[in-house]
Amino acid sequence: MIRRTEKLNHIKSGFDRSPIVSITGLRQSGKTTIAKDFTSQYQGTCTHFDLEDPRSLASLSEPMTALENLSGLVVIDEVQRLPAIFPFLHVLADRKQKPACFLPLGSACGIDFKSAESQFEWHELE
């Protein structure tokens, strides 16, 4: 439990520095579980996209339209399935007013998170 609390605190402190905090790790490493724990403690609205669900994937076919009017916490699970979303997240993060913060979760394979998210807080789960 201490380790999980430490990870949740790490995510919270990441949002103190950046509107985008990503969590990466191998499949079944606990990314979604940590995100659910974080959203249960989040003070505000939460929107969740699971890109393994065809409906969520389809709703992000035009990322800017889908994301620009959201507020609160936006979780994008399995983000490696839609690497083209990162430039849109950068634009949204650069807005003067930041009504939303973003928590992309993804597998460590399939995308180079470190280079794609150079301005993001980045956390890897073992």
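Per-structure values
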read-out: Efficiency of FRET from Cβ geometry, Gln97 and Asp16, R₀ 22 Å, rounded to 0.05; value: 0.80
read-out: Net length gained if the chain between Glu52 and Leu26 were fully extended (0.36 nm per residue, minus Cα distance); value: 7.8 nm
read-out: Projected-area mean, the stretch 1-41, by convex hull of Cα positions, square nanometres; value: 3.0
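None of the figures in this text is laboratory data; all of them are computed from the coordinates on show. Since the structure is predicted, the reported quantities are computational estimates derived from the model, not experimental observations. FYI the Cβ positions are ideal-geometry reconstructions off the backbone, even for glycines, and counts take in every protein chain you see.
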